[in-house]
Amino acid sequence: MTASHSPAQSHSHASHHVTPVRQLLAVFGALVGLTILTVILGQLNLGSWEIAVTMTIATIKAALVALFFMHLRYDSGFNAMVFGFSLLFVALFIGLTMIDAEQYQPDVVPPKPMNEAAVEPKERASPE
Amino acid sequence: MSESATVSHSSEGGEDRFLAHHFGSAQQQFDAGKLGMWLFLVTEVLFFSGLFCAYAVYRSLHPEAFADADRFLDVSLGAANTIVLLFSSLTMAWAVRAAQLGQNELLKWLLTITLACASLFLGVKAVEYAHKWEIGVLWAGSFQPLEHSDQHGVALLWFCVPAVVTLFGLGIAWTVAWTIKARILAYWILLLLASNAAFFIGVGAGKAIPAVEHAILGSIGQEQSHDEHHGETPAPVAAAYEFEGMIVPTTDSAETKQVYTGVFFSIYYVMTGLHAVHILAGMGVIAWILWRTLKHHFGPNYYGPVDYVGLYWHLVDLVWIFLFPLLYLIG
């Protein structure tokens, strides 16, 4: 369904991709399926694999949203590159901070110095 | 996205009417707007990643305390909210398609449904927050979990106050608009009223889902399902050691663990709270786009604003896609 183009317009809009409804619904279905999968896996005890598996599924969901709902698959690559750079900086941000955190953990003063005796049960006060 | 009129070539809702003078063509305006929105989304990603970083650091250093927090979080409600938000992303992406194809009526309904989903999400959130408030599951320093709540639903009423006020305000606004025969304005307010009422559907779902789950699972699933009466009293502390003149407990003694569970909830409240603020802002912007839709601003030649608002909304969904497993599915 195209409107008539005025003479002053110099670009056609043929390059603007219109997402088919089937594709929208298929992506939505995949997202729901992955959500169910991640909830089920969350109930199991995967030990050290827990966070890797969870993050992988979340990343796949995010990729589906970014590529199809946010149209990155059909846009010029520039927008995708801009977004990709943000992810790179997030990786640097969290990665370098984690290295630092591990390094200085022994020096961190714990929240409450405690005696060697058993802790006394705290009085249950109402929230401040 | 500027509405300033140029030397207009046509009076229809085509791109000439909304082509700002500093752009050479509609295509350029569209591309510039899109890049602008993507740059803003980059700042949003880094904004949230600060909080994700805090989460990562504290989780890696105190995993047991974080796992302990899991008993206060209802996975079903989190999952329901995830589905709601994913659905709202679908309707928003579909709305962009409708705008591209000039399907104004469909666009109007899809935007309204997106708004309703957002309200529903906030309704479920209100139930979660109110419940935590009542049993003392608050941020660090105020984290004093009770085994039973003695207030029975009072907090939820307080959390519903903003929604009730909004509905009343919209009702009054609608009456005024209808009286002065501002038809489009009245219709717009009516759509906002309907979508905001979905907040209470969310509240209903937030109360119903755990109740149904409890009825189905019964005593079998009690350890897995969220049980507000299942509190744990701290065990006596293990031996401590001395470090540079201070007595330091072994990691994850009961009281230390409780402090770090409080930290988890500090992070939880800031992350979900900030996300909720973004939902509110998104609702405002979508309401604005809905208004412009009723004024027939959008069509195949001009749909940029719908596209950009859609991008923002998808980012809000993206953040939640990561928040949900990290907060609700640990432990």
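Chains A and B: buried accessible surface, both sides, probe 1.4 Å, rounded to 100 Å²?
6700 Å²
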Handout entry: Inter-chain Cβ neighbour average for residues B:97-104, partner chain, 10 Å
Key = 3
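For a protection proxy built on the mean count of beta-carbon atoms within 10 angstrom, sort B:92-100, A:16-24 highest first, please. Kindly include the intermediate steps, with their values, before the conclusion.
On the way: B:92-100: 26.2, A:16-24: 13.7.
Final packing ranking: B:92-100, A:16-24.
Of all the accessible heavy-atom surface of the stretch B:42-186, with the other protein chains kept in place and a 1.4 Å probe, what percent is carbon and sulfur?
Roughly 73 percent of what the probe reaches on the stretch B:42-186 is carbon or sulfur.
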Completion exercise
Taking every residue of A:88-95, the Cβ atoms of other protein chains inside 10 Å of its Cβ average out to 4
Completion exercise
Note: A:69-75 gets an average of partner chain Cβ contacts (10 Å, Cβ to Cβ) equal to 6
Exercise for the section: With all protein chains present, calculate the accessible area of A:ASP75 using a 1.4 Å probe and round the result to the nearest 10 Å². Expected result: 40 Å²
Completion exercise
Expressed in nanometres to one decimal, the distance between label points 7 Å along Cα→Cβ at A:TYR74 and A:ASN45 is 4.8 nm
Practice task
Can you tell me which of B:136-144, B:259-267 comes out highest on packing, and rank the rest after it, using the mean Cβ neighbours within 10 Å?
Solution key: B:259-267, B:136-144
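For the stretch B:283-324, which whole-number percentage of the solvent-accessible area (1.4 Å probe, protein heavy atoms only) is attributable to carbon and sulfur atoms? List each step's numbers first, then the result.
On the way: 550 of 790 Å².
Here it works out to 70 percent.
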Completion exercise
With a 26 Å threshold on alpha-carbon distance, the violating pairs from A:LYS61/B:LYS125; B:LYS34/B:LYS125; B:LYS125/B:LYS181; B:LYS181/B:LYS295 are B:LYS34/B:LYS125; B:LYS125/B:LYS181
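The values are calculated or read from the model by the stated rules, or taken from the named source; none is laboratory data. Here the structure is a predicted model, which is why all the values come from computation and not from measurement. Cβ: placed from backbone, ideal geometry, glycine included. Neighbour counts: every protein chain shown. Just the protein is used for accessible areas: all its heavy atoms, side chains included, with ligands, DNA and RNA removed. Shrake-Rupley method; radii C 1.70, N 1.55, O 1.52, S 1.80 Å.
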